[in-house]
Structures are given as structure tokens and as C-alpha cells.
Amino acid sequence: MAKINNLNAQRWLEEHGDYLFSYALLRVKDNHLAEDLVQETLLAAMSAQNTFSNQSSVRTWLTGILKHKLIDCFRKQGREVAIAELVDQEEDDSLDRFFKLNGGWVERPAAFPNPETALEQKEFWEIFMRCLSGLKPKQAEVFLAKEIYGMKNEAICKDFMLSPTNIWVLIHRARLSLARCLKTHWLN
Amino acid sequence: MLNCKQASLLASRAMDEKLPFRERMALRLHLWLCRNCTHFTEQLAFLREAARHSKIHLDFYLTDEARQRIARALEDQPPGTDHSEEL
């Protein structure tokens with residue numbers, strides 16, 4: 001029994017380790033802490049396999065365990081705001097942070113000057129990381145999976161129990177947030 | 001006629017799939033007339049490039065050392081250890 005648990009855990013490490021690490025890193029911004037959290041998550045998952053129902057997928061289940069670990073971590077550090085950000089439910093559908101009632105932009109999207117050179121600059125990546133960390137949980141999860149890990153929509157649908165429409169909307173919101181964040185912190 | 005909110009959503013979708021003919025034409029027309037949304041499509045392309053390079057620049061992956069360390073910790077886990085109360 002222990003051997004089977006162990007085999008599963010090794011497979012989870014291989015298939016989901018990077019993703020879990022990235023997600024943790026977005027939240028704690030510390031490589032060693034993020035590594036520890038991945039380890040704790042997989043250890044907890046090993047013993048808690050009976051709580052894994054087929055209602056979710058492995059990645060969603062592991063991410064759920066990771067979130068618990070993150071909450072414990074923040075609680076110890078007294079970071080209530082970080083906890084609130086982690087459990088934040090998806091915002092309303094209206095996108096009224098970005099668009100007026102008549103459908104026009106609240107803030108006009110700026111043209112990014114010299115995009116080619118931006119990616120070579122350390123300052124850019126620091127800001128980009130910060131902007132990614134500011135995404136709401138579901139947006140971060142899907143953006144990470146799709147844009148950074150290159151997962152296809154079908155895989156995301158399955159892993160995150162989302163419809164294709166959910167995915168577009170979440171990605172779109174993530175992009176709007178990131179674009180605005182970059183405009184605020186990178187251009188100015 | 002599309003408004004910017006609608007056009008921006010279509011532009012996002014167009015990053016990942018070919019839009020149906022009518023939407024594609026409507027978006028094209030809107031972009032032709034709307035500089036803001038044109039900038040937005042440039043931002044979308046930029047974000048995709050940035051995301052593609054993120055893994056390396058943001059260390060978004062476990063190092064071999066970390067991976068091995070975690071693998072060992074998982075192996076060393078004694079059978080019957082119950083971590084589930086921590087959940």
C-alpha cells in the first residue's frame with residue numbers, strides 16, 4: 001500500500017511538480033519556501049488519497065492541497081490579506097474595472113515601446129512577476145497553465161473542470177489585468 | 001458594430017482560435033477604426049511572448065536538486081504517516 005502511494009507521489013511530482021512550484025512561487029516569492037510547500041503538498045496528498053474523489057482532477061486536487069498549505073503559511077506569518085487574496089472568488093462578470101457602460105475603455109491601452117528589448121531587462125521580469133502575483137487565483141491558475149505551461153484548452157478543461165467559455169473569460173481577464181498592471185508599473 | 005469591450009474579448013479569443021467569419025470581419029473592421037483596440041492586440045501579442053519566456057526568466061520550474069530532494073522525502077515517508085489532519 002505504501003509502495004503504491006509512493007509511486008503515485010513520484011508520478012505527481014513529475015507531472016505536476018513544476019506547476020505546483022510556480023503557483024506557490026507566485027504567492028510566496030521565495031524559491032526555498034515554494035519548494036518546501038510542494039514537498040508538503042505531495043506528502044499530504046500521499047496520506048490523503050482517500051479524500052481524492054473523481055469529482056476533480058489530480059492537478060486541481062493537488063492545487064487545493066497546496067492552497068491549504070499556503071493559507072497555513074500565511075496564517076503563521078499573520079498575513080491576512082494574502083489569505084483573502086488566495087480564497088477570493090471570481091469577480092462579477094461585468095468587467096467594469098476595464099470598460100465603461102457604453103463598452104468603451106476606462107483606460108486607453110497604451111502601445112508598449114520597444115517590446116523586443118523589454119524581455120531582456122531584469123526590471124521587466126520583476127514587474128511581470130509582480131503583475132502575475134496580483135492576478136486573482138483562478139485567473140492565475142489558468143494563465144499559468146495555458147500561457148506559461150502551454151497546456152491545450154482540452155487539457156485545461158479536464159484538469160480544472162472548466163468549460164471552454166470559462167477559460168476564454170478567465171484568460172481575457174488575466175490579460176486585461178496584466179496589461180493594465182504593466183502599463184502602470186512598466187511604462188510609467 | 002462592435003464596442004471595445006466586445007472587440008477586446010474577440011481579440012483575446014482570436015489569439016487561440018480562428019474566429020467564425022462574421023466575428024472575424026467585425027473585429028477586423030473595429031480594429032481598423034479603433035486605435036485603442038489595436039494597441040490592445042499588440043499588448044496581447046506582447047503578453048504571449050512574455051509568457052512564453054517566463055519559465056526561464058522567472059524560475060518557474062523545480063531545479064533538479066529540489067526535485068531530487070523532494071523525491072527522496074517522498075520515498076522516506078514512513079507508511080501510515082497521516083498528514084491529512086493538516087488539510
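The values are calculated or read from the model by the stated rules, or taken from the named source; none is laboratory data. Computed from a predicted model, the values in this text were never measured in an experiment. Cβ sites come from the backbone with ideal geometry, for glycine too, and all protein chains shown count toward neighbours. Ligands, DNA and RNA are stripped out before the accessible areas are found, and what is left, the full protein with its side chains, is counted by its heavy atoms. Shrake-Rupley method; radii C 1.70, N 1.55, O 1.52, S 1.80 Å.
Between A:Trp105 and A:Lys100, the built amide H atoms are under 5 Å apart, and every one of these is 5 or more places off in sequence or on another chain. Remark: accessible surface ordering of B:Asp64, A:Asp36 (largest first) is B:Asp64, A:Asp36, probe radius 1.4 Å. What Kirkwood radius, in Å to one decimal, follows from the Cα pairs of segment A:72-166? It works out to 16.4 Å. Accessible surface for the protein assembly as shown, divided over its residues, is 52 Å² per residue with a 1.4 Å probe.
What number, rounded to the nearest 500 deg cm²/dmol, is the helix-based mean residue ellipticity at 222 nm of chain A, given -39500 (n - 2.57) per DSSP H run of at least four residues and division by all its residues?
On the way: 9 runs with 122 residues, N = 188.
Value at 222 nm, helices only, nearest 500: -21000 deg cm²/dmol.
Relative to the longest principal Cα axis of chain A, at what angle does helix A:2-28 sit, 0 to 90 degrees, rounded to 10? For helix A:2-28, the angle is close to 20 degrees. Sum up the charges of everything whose Cβ sits under 9 Å from the Cβ of A:Glu85, counting Lys and Arg as +1 and Asp and Glu as -1, but leave A:Glu85 out. Taking every other residue near A:Glu85 into account, the sum is +1.
In the complete set of protein chains, residue-level accessible area for B:Thr63 is approximately 60 Å², probe 1.4 angstrom.
Per q in 0.18, 0.30 Å⁻¹, report the Debye log10 I(q)/I(0) for segment B:1-46, using one uniform scatterer on each alpha carbon and no solvent. Normalising to I(0) and taking log10 leaves -0.43, -1.21. Could you tell me which of the pairs A:Lys29/A:Lys146; A:Lys29/A:Lys152; A:Lys67/A:Lys100; A:Lys69/B:Lys5; A:Lys122/B:Lys5; A:Lys69/B:Lys55 are separated by over 29 angstrom between their Cα atoms in the structure shown? Flagged as over cut-off: A:Lys67/A:Lys100; A:Lys69/B:Lys5; A:Lys122/B:Lys5. Each of A:Asp96, A:Asp72 has its accessible area taken with a 1.4 Å probe; listed largest first, they run A:Asp96, A:Asp72. Across the options A:Leu101, A:Gln121, A:Val38, the greatest Cα extent toward the positive end of the charge dipole of segment A:15-136 (unit charges at beta carbon of Lys, Arg, Asp, Glu) belongs to A:Val38.
For segment A:137-188, what is the Kirkwood estimate of the hydrodynamic radius, computed as the reciprocal of the mean inverse distance between distinct Cα atoms, to one decimal in Å?
Details: mean 1/r = 0.0879 Å⁻¹.
Here the Kirkwood hydrodynamic radius works out to 11.4 Å.
Let me have the 222 nm mean residue ellipticity of chain B computed from DSSP H runs of 4+ only, each contributing -39500 (n - 2.57), with the sum over all residues rounded to the nearest 500.
Result for chain B, helices only: -22500 deg cm²/dmol.
Summarised as an ellipsoid, chain A has semi-axes of 32, 19, 16 Å, derived from the eigenvalues of the Cα gyration tensor scaled by 5 and square-rooted, with the largest first.
The alpha carbons of chain B occupy a box of 65, 29, 21 Å along the principal axes, longest dimension given first. Taking the 1.4 Å solvent-accessible surface of segment A:119-188 as the whole, the part contributed by carbon and sulfur is 55%. The three principal axes of the C-alpha atoms in segment A:6-78 carry coordinate ranges of 33, 22, 18 Å, sorted with the longest axis first. Surface listing: A:Tyr23, A:Tyr149, B:Tyr61 arranged by accessible area from highest to lowest gives B:Tyr61, A:Tyr149, A:Tyr23, probe 1.4 Å. Chain B contacts chain A over a buried accessible area of about 4900 Å², both sides summed; the probe is 1.4 Å and only protein chains count.
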